[in-house]
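The values are calculated or read from the model by the stated rules, or taken from the named source; none is laboratory data. Keep in mind that what you see is a predicted model, and the values were worked out from it rather than measured. A quick note on method: Cβ atoms are made from the backbone with ideal geometry, for glycine too, and the neighbour counts reach across all protein chains shown.
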Amino acid sequence: MSDDDYHRRTAITRLAVSPTDESLLRDTTAEWKQGCQIAVDKAWERCHSKSDVQQLAYDDVRDQTSLGSQHAILACHQAAENIKSCISRRQDGKKASKPTYTSPTVTYDSRTMTVFPEKEQVSLTTHGDHARVRADLVLPDDEDGYQHQYLDSDEWEPTESTLHYRDEDWYLHLGFRKPKTADEATENGTVLGVDLGVTEIAVTSTARFFSAGELNHKRREFERVRGDLQECGTRSAHRTLEVVSGREDEYVKHVLHSVANGIVEEALRYDCEGIVFEELDGIRERLPEAAWHSEWAFDRLYEYVEYKAEAEGLFVETTNPKNTSKRCAECGFIHDDNRPSRDTFECQQCGNQNHADYNAAKNVADVYLRREQQSSRGRGVSQYALKSGTVTPNRGYTPYPDGFEVEPTDKPHPQRSE
Ligand SMILES: [Zn+2]
């Protein structure tokens, strides 16, 4: 199992430590800081994976400190993690200099720490040949204290934890983990496919249609006004023209915002991890009929969806638009004749009939997921959302469980939403 296969929680509790044990823990803390420093000094700008740092620095840490073998390993791992976060800070354009270890903490794991939930005690390895320290967990009297939720549970097991000394007291940040269920651990995340177009600004794989009717109508009105003003040619007409154009831009942005909100809403409603569009490059050529459209509008829409989605923790990706309009989402058959008119899709092989943009929205998701299966980016998604269920490219359709709040049919009776 990898690190990502677990749910993780931390429960913080104070420890009651005897004066003798206290000095042992203080010394262990000092040795730990030194061990981490040795490992960082050795590995800095040389390596950053746990195993590499361990291989490089373990012997030095053992020779130059009184840490036991497991704590020497953990110190190397600690150094590796800190170096890694320096690297990613630098990649973000921030400054990051070599870490120095000053705070009084020690990392523990299941080999260096044992938790006794019934006795509400913990035993901790110390440095050198000293015995383990045994300390009482000072838990809130209240049985419902959140720490009990993990301590008293058979599902949660203690894992990597940190001992802290602050305000003259010892605290244990006790880490717990619980394996994810098979369902959670396998890659079964869902995406929403979105097709962009002319009569519909956007159509989702869950059959939500965002019509461009109103927008196209208004655009034509604006165009007429602009035409009149241009003909007039006076200075004041020129100024009015600027005002009108500004107003038009504002109107288009307003429409695009509401479409973006609708798309994100749809993704959340169907419990998706992400939203997939077709790539925008070349969209002008693919949609030559669009009077109102410009790359600008689609770029804007994408941008709005991207930041609204990010705020909700969803990713946004694009995929190659090749054949998404000619391919049958049901059987995969690709043919020019599958698209007899702009809005209709009729598969020449399996007879599937559908709204062309809706069929394309499913294809956008499908193509993305197929590519995703071969990539190592690990978005953890394998299916796309329909109104009535999900589709996994290779394994097909699964209806939503009973009680899911959607209509029972996926067949095309597109809802119109402006
Ligand atoms: Zn077909």
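Going by the conditions given, is ARG342 surrounded by fewer than 21 Cβ atoms within 10 Å (Cβ to Cβ), outside any helix (DSSP H, G or I) and touching a residue at least 24 places away in the same chain (Cβ under 8 Å)? The answer is yes for ARG342. With respect to being more than 28 Å from ARG220 (Cβ to Cβ) and surrounded by fewer than 17 Cβ atoms within 10 Å (Cβ to Cβ), GLN348 fits the description. Restricting THR324, THR319 to residues that are crowded, with 18+ Cβ neighbours inside 10 Å, among the polar types (S, T, N, Q) and more than 16 Å from the ligand (Cβ to nearest atom) narrows the list to THR319. Among the candidates ARG370, ARG379, ARG395, single out the residue that is modelled with pLDDT of 80 or more and in the same structural domain as PHE210 (by TED's automatic domain parsing). Every option except ARG370 fails the conditions. The condition (being touching a residue at least 24 places away in the same chain (Cβ under 8 Å), closer than 21 Å to TRP296 by Cα and not basic (Lys, Arg)) is satisfied by just one residue among VAL276, VAL243: VAL276. Residues that are within 14 Å of LEU67 (Cβ to Cβ) and outside any strand (DSSP E or B) are absent from segment 135-147. For segment 58-77, the criterion of a residue being buried (at least 17 other Cβ atoms within 10 Å of the Cβ), more than 16 Å from ILE38 (Cα to Cα) and in the same structural domain as GLU157 (by TED's automatic domain parsing) is satisfied by no position.
For ASP366, are the conditions met, namely being in contact with a Gly (Cβ under 9 Å, 6 or more places away or on another chain) and within 16 Å of the ligand (Cβ to nearest atom)? Yes.
Figure legend. Inter-residue proximity from segment 350-362: first residues in the same structural domain as PRO393 (by TED's automatic domain parsing), second residues among the aliphatic types (A, V, I, L, M) and modelled with pLDDT under 95, beta-carbon distance below 6 Å, spacing 6+ or different chains. Indicated pairs: TYR358/ALA207; ASN359/ALA329; LYS362/ALA329. Being part of a loop (DSSP other than H, G, I, E, B) and assigned by TED's automatic domain parsing to the domain that holds ILE12 is a property that THR100 has. Only a single item in (1) more than 8 Å from the ligand (Cβ to nearest atom); (2) surrounded by 13 or more Cβ atoms within 10 Å (Cβ to Cβ) is not met by ASP337, and it is number (2).
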